[in-house]
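Scroll down for the structure; my scribbles are underneath it.
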Amino acid sequence: MLKLILATRNSGKLKEMKVKLKEYPVIVECLMDYPEIPEIEETGKTFAENASIKAKTVAKWTKLPALADDSGLEIDYIGKKPGIYSARWGSTDQERIKKVLNALQNTKSEQREARFVCAMSLVLPGQGNYRTKGICSGRITLSPKGAEGFGYDPIFIPDGYNQTFAELGVHVKNRISHRAVALEKMIKIIVGHFKLK
């Protein structure tokens, strides 16, 4: 049985990842199980750098395989913001959503194009760093809709759909999201490396 530490305290991310990994012989723990690990400074300039910083730190502390992701929302109209600062664009989801909607006031539909980006890093102590990336393109709504998910989910409609992530629900999101795409690629690496069945 493989023990894998997710470098997150975000219960939404943890839930999404556990669903994807549940069919494999993997025990998934997270930073809430390791309160001695201090807050990790995300000093990178890209999603990939931040994911690696988190995974390396957790692998060093626990001496166990550590999986981290850094993800965020890029909106072309405002220079790909909030980008790597997506989680820090306000102190609550509501504040962050309001900030995005205010920044896009009086814009046309084609100016509301956006994408969620996820960079994932798996650090195996003494064996290197594996990276994957996932992108989910879509557009920003005029107002929040739906009650599921977290973060910017109520204002993001993925391409090919007419509902937000928060309306589509976790089953659809876990299939098409940026994190789902990155994690699918990462699971193949984990399964191949550890020869999991």
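The values are calculated or read from the model by the stated rules, or taken from the named source; none is laboratory data. No experiment lies behind these values; they were computed from the predicted model shown. When we count neighbours, we look across all protein chains shown, and the Cβ atoms used for this are built from the backbone with ideal geometry, even at glycine.
Give the residue that is surrounded by the fewest Cβ atoms within 10 Å (Cβ to Cβ), with candidates limited to residues of the range 146-157 that are without any contact (Cβ under 8 Å) to a residue 40 or more places away in the chain and within 16 Å of the chain's Cα centre (by Cα).
The qualifying residue surrounded by the fewest Cβ atoms within 10 Å (Cβ to Cβ) is Glu148.
Pairs, please: C-beta under 6 Å, at least 6 apart or cross-chain, first residue within 13 Å of Pro65 (Cβ to Cβ) and in the range 25-43, second among the basic types (Lys, Arg) and surrounded by 12 or more Cβ atoms within 10 Å (Cβ to Cβ)?
Filtered contacts from the range 25-43: Val28/Lys18.
Specify the residue that is modelled with the lowest pLDDT; the eligible residues are those in the range 177-197 that are surrounded by fewer than 22 Cβ atoms within 10 Å (Cβ to Cβ) and touching a Cys at 6+ places or on another chain (Cβ under 9 Å).
Ranking the qualifying residues of the range 177-197, first place goes to Ala180.
Asn174 passes all but one of (1) assigned to a helix (DSSP H, G or I); (2) at pLDDT 90 or above; which number fails?
Going through the list (1) assigned to a helix (DSSP H, G or I); (2) at pLDDT 90 or above, Asn174 breaks only (2).
Which ones in the range 70-112 are at pLDDT 95 or above, farther than 17 Å from Phe150 by Cβ and of a type in the set (Lys, Arg)?
Once the filter is applied, which keeps residues that are at pLDDT 95 or above, farther than 17 Å from Phe150 by Cβ and of a type in the set (Lys, Arg), the range 70-112 yields Lys80, Lys81, Arg112.
Would you call Thr164 of a type in the set (Ser, Thr, Tyr) and in contact with a Gly (Cβ under 6 Å, 6 or more places away or on another chain)?
yes
Among the candidates Lys108, Lys80, Lys185, Lys98, which residue alone is within 20 Å of the chain's Cα centre (by Cα) and over 22 Å from Leu64 (Cβ atoms)?
Answer to the selection: Lys80.
Among the residues of the range 151-171, what is the count of those that are over 22 Å from Glu110 (Cβ atoms) and either part of a loop (DSSP other than H, G, I, E, B) or among the aromatic types (Phe, Trp, Tyr) (or both)?
Result for the range 151-171: 2.
Pull up the range 15-24, narrow it to residues that are out of contact with any strand residue (DSSP E or B) (no Cβ under 8 Å at 6 or more places or on another chain) and among the charged types (D, E, K, R), then point me to the one that is farthest from Ala68 (Cα to Cα).
Only one residue fits best here, namely Glu23.
Give just the number: which of (1) in contact (Cβ under 8 Å) with a residue 40 or more places away in the chain; (2) within 30 Å of Thr164 (Cα to Cα); (3) exposed (fewer than 13 other Cβ atoms within 10 Å of the Cβ) does Ser52 not satisfy?
Here Ser52 clears every test but (3).
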